[in-house]
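The values are calculated or read from the model by the stated rules, or taken from the named source; none is laboratory data. What you see is a predicted model; the values in this text were computed from it and never measured. As a convention, Cβ positions derive from the backbone with ideal geometry for all residues, glycine included, and neighbour counts pool all protein chains shown.
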Amino acid sequence: MSFAKDAKNQVLNKPINNKCCGISFLSGLLHVSSEYDKFNNKLILVTDIPSLKNFCNDILKMIYSANIEFVLDSEFKINKVVYFKYVLKTNNLEQILNDFWLCNNNNFSIDFIDKEKLKNQCCLKSFIKGVFVGCATSGIRLSEKKPEKTSSGYDIEFIASSYAFLDKFSQLLESFNIFPKIIKRKKNYVLYIKERNAVCDLLAIVEAFNSVLQLQNELAIRELRNKVNRQTNCLNANISKIVDASLKQLTAIKYISDTVGLEYLSADLQEVALLRLANPEESLRELLKLATFETSKSSLNHRLNKIIKIANNLKSYKS
């Protein structure tokens, strides 16, 4: 199950018990996931979440106390995802369209948001929940579920056909200090949030608290992994530097030994040369511990560099 779908199911696990919040939720949902069949005078809801039908029907029953409900019309599959097409069963569709702000000048429209009915925080959050359940997607993939397919970003997108609706929806999110952006993608518009704290805030608003915890845990895992990677890279870089330095020193010592003999070196340089030959892979710090003569790290490094310089001078003299 995708991160977004899991979050949506968490939203649907918490029933809505207030009429005003129920209207707000259904309005948000229908604005982004319904279509109006004008020829047959039908309101159609399309979703890939099976439990959404009963959730919506419970709200309709609470609001109207009448035989108004979504009934299954058909199922279809797109890219291996099964979608359910529901039709609203009612004797007064015009009232439904008006109640959920889906009418503008007697025409079906998803552009209008009745902000006067969203003044209460509970209703505003319910409207955002409806939009979230209706059209939110996310590219977030959690390490604990698919370590080999973990995404690097944190994003939630809302996809809709109306720019005007998403623009107004963006203003609602801004009241919670969430500042999304809108772009056009093919025939649709996409409102997206990519800042990780804003994503967590949005999930908290729609009460997908388990997803908030999962995301916070993911952040901790990624930060730890990045720290380990940085330390490993640093360690590898240090090892590489040690190997390169040791190789230069050994090459110089071997050249001196093969050409003029180590006796050519002064006594203190001979001690260092023999120490390096006996411990070709050790760092300066470790060489210092192994040394049987009094010296310091800087002095040891100075002597090794002096040996390299002598070897280079011998090469220049020979050439």
| query | Taking the stated definitions as given, is V199 under 14 Å from the mean Cα position of the chain (by Cα), assigned to a helix (DSSP H, G or I), among the β-branched types (V, I, T) and in the same structural domain as F169 (by TED's automatic domain parsing)? | reply | yes
Output for Cβ contacts, cut-off 9 Å, separation at least six or different chains, first residue among the polar types (S, T, N, Q) in region 185-202, second part of a strand (DSSP E or B), reads N188/I159; N188/A160
May I ask you to verify whether N217 is outside the structural domain of N104 (by TED's automatic domain parsing), within 21 Å of the chain's Cα centre (by Cα) and either within 27 Å of K119 (Cβ to Cβ) or exposed (fewer than 14 other Cβ atoms within 10 Å of the Cβ) (or both)? yes
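Look through L277, L235, L290 and report the one residue that is surrounded by 14 or more Cβ atoms within 10 Å (Cβ to Cβ) and of a type outside the set (V, I, T).
Exactly one residue qualifies, and that residue is L277.
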L191 meets each of (1) outside the structural domain of D48 (by TED's automatic domain parsing); (2) of a type in the set (A, V, I, L, M); (3) modelled with pLDDT of 95 or more with one exception, condition (1)
For region 288-302, pairs from a residue that is farther than 18 Å from S246 by Cβ to a residue that is among the charged types (D, E, K, R) and in a helix (DSSP H, G or I), with Cβ under 6 Å and 6 or more apart or across chains, are F293/E271
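Filter region 117-129 down to the residues that are touching a residue at least 24 places away in the same chain (Cβ under 8 Å) and over 19 Å from S2 (Cβ atoms) and list them by number.
Residues of region 117-129 touching a residue at least 24 places away in the same chain (Cβ under 8 Å): 117-118, 120, 122-129.
Within region 117-129, K117, L118, N120, C122, C123, L124, K125, S126, F127, I128 qualify.
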Subset of region 10-39, residues free of Cβ contacts under 8 Å to residues at least 60 places away in the same chain and closer than 19 Å to I110 by Cα, comes to E35, D37, F39
Among the residues in region 195-213, are any in contact with a Cys (Cβ under 6 Å, 6 or more places away or on another chain) and surrounded by 12 or more Cβ atoms within 10 Å (Cβ to Cβ)?
yes
Over region 71-92, the set of residues closer than 26 Å to K115 by Cα and in contact with a strand residue (DSSP E or B) (Cβ under 6 Å, 6 or more places away or on another chain) is L88
Selection over region 186-196 where residues are outside any loop (DSSP other than H, G, I, E, B) and over 15 Å from I156 (Cα atoms) yields a count of 1
Of the candidates L173, L224, the one satisfying the condition of being loosely packed, with under 15 Cβ neighbours inside 10 Å and over 13 Å from the mean Cα position of the chain (by Cα) is L224
The number of residues in region 261-313 that are outside any loop (DSSP other than H, G, I, E, B) and of a type in the set (G, A, S) is 6
